[in-house]
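> First the structure, then my questions, so here it is.
The values are calculated or read from the model by the stated rules, or taken from the named source; none is laboratory data. Keep in mind it's a predicted model, so treat the numbers as computed, not measured. Cβ coordinates were reconstructed from backbone atoms using ideal geometry, including for glycine residues, and neighbour counts include every protein chain displayed. Note: areas computed on protein heavy atoms with side chains; ligands, DNA, RNA excluded. Shrake-Rupley method; radii C 1.70, N 1.55, O 1.52, S 1.80 Å.
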Amino acid sequence: MHNPTLHLVLSGATTAGESAADLVRMLSGDGWSVTAFSTPMGERFHDLAEIAEITGTEAATEFRTPGTGQRVQPADRVVACPLSFNSTNKLAAGFADTMALALLCEMIGLEVPTVVVPKGNTALYNHPAFPRSLAVLRSVPATTVLHDPDRGVPSWREVVRAARTAPT
């Protein structure tokens, strides 16, 4: 029997103290087979080589040329964490201008249980587009948004728990 598949989408945001590789380790330890995807900006913020060592596959960052490469294993769950202010707003608006955002848009459209963990700062959270984007994402079936501006990004333990218990 194989582990269920989880797609982890990274973007141009980080968190203090816990790296994306730490999150991958925790998700893997919770029984998920993790496949990582990153926006182009996310490549600057995360150690994709370390993530590849953990998962056994390179993080996908670009659309593949039709007819080449391998198809992506279907996901049982999706976690978008940390998701930048920019990527959160694009996702809510349905922009699929990067491979990682296109994947997120498709998974939401297929109602694959998805956990979205936005990352920004107080000034960005106060921008009028952000609350609208959170409201849109919270209204989507099978989508969980973990965002509390007073607490910041939740611990990876909370993200792993949300992935495990995301509504189907």
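> Within region 24-33, how many residues are on the phi < 0 side of the Ramachandran plot and open to solvent by less than 30 Å² (accessible area, probe 1.4 Å)? Steps first, please.
Applying the first criterion (on the phi < 0 side of the Ramachandran plot) to region 24-33 yields 24-30, 32-33.
Filter again for open to solvent by less than 30 Å² (accessible area, probe 1.4 Å), leaving 24, 27, 32.
Residues flagged as on the phi < 0 side of the Ramachandran plot and open to solvent by less than 30 Å² (accessible area, probe 1.4 Å) within region 24-33 amount to 3.
> For region 7-57, give me every one of the helices (runs of 4 or more DSSP H) that falls completely inside it and has 2 or more residues that are within 16 Å of A100 (Cα to Cα). Give the derivation first.
Working: elements: 20-29, 42-45, 48-55.
Answer list for region 7-57: 42-45, 48-55.
> Here's a follow-up. Of these, E58, E62, E50, E106, which one is of a type in the set (D, E) and open to solvent by less than 60 Å² (accessible area, probe 1.4 Å)? It would help to see each step written out before you state the result.
Numbers: E58 fails: open to solvent by less than 60 Å² (accessible area, probe 1.4 Å); E62 fails: open to solvent by less than 60 Å² (accessible area, probe 1.4 Å); E106 fails: open to solvent by less than 60 Å² (accessible area, probe 1.4 Å).
That would be E50, the only listed residue that is of a type in the set (D, E) and open to solvent by less than 60 Å² (accessible area, probe 1.4 Å).
> Tally time: how many residues in region 109-155 are in contact with a Phe, Trp or Tyr (Cβ under 9 Å, 6 or more places away or on another chain) and either open to solvent by 30 Å² or more (accessible area, probe 1.4 Å) or among the charged types (D, E, K, R) (or both)?
8
> Go over the candidates A36, A21 one by one and state the one that is surrounded by 24 or more Cβ atoms within 10 Å (Cβ to Cβ) and free of Cβ contacts under 8 Å to residues at least 40 places away in the same chain. Break it down into steps so the answer makes sense when it comes.
Working: A21 fails: surrounded by 24 or more Cβ atoms within 10 Å (Cβ to Cβ).
When all the criteria are applied, what remains is A36.
> Sticking with this one: Please go through (1) touching a residue at least 60 places away in the same chain (Cβ under 8 Å); (2) under 13 Å from the mean Cα position of the chain (by Cα) for C105 and return the number of the only condition it doesn't satisfy.
(1)
> Is there a residue in region 67-84 that is among the charged types (D, E, K, R), surrounded by 12 or more Cβ atoms within 10 Å (Cβ to Cβ), in a helix (DSSP H, G or I) and in contact with a helix residue (DSSP H, G or I) (Cβ under 7 Å, 6 or more places away or on another chain)? Steps first, answer last, please.
Taking region 67-84 as the starting set, the residues that turn out to be among the charged types (D, E, K, R) are 71, 76-77.
Filter again for surrounded by 12 or more Cβ atoms within 10 Å (Cβ to Cβ), leaving 76-77.
If we keep only those that are in a helix (DSSP H, G or I) as well, we get none.
Among the residues of region 67-84, not one is among the charged types (D, E, K, R), surrounded by 12 or more Cβ atoms within 10 Å (Cβ to Cβ), in a helix (DSSP H, G or I) and in contact with a helix residue (DSSP H, G or I) (Cβ under 7 Å, 6 or more places away or on another chain), which makes the answer no.
> Of all residues in region 1-18, how many are of a type in the set (S, T, N, Q) and at pLDDT below 95?
Narrowing region 1-18 to residues of a type in the set (S, T, N, Q): 3, 5, 11, 14-15.
Now narrow it down to the ones that are at pLDDT below 95: 3, 14-15.
Total satisfying the criteria: 3.
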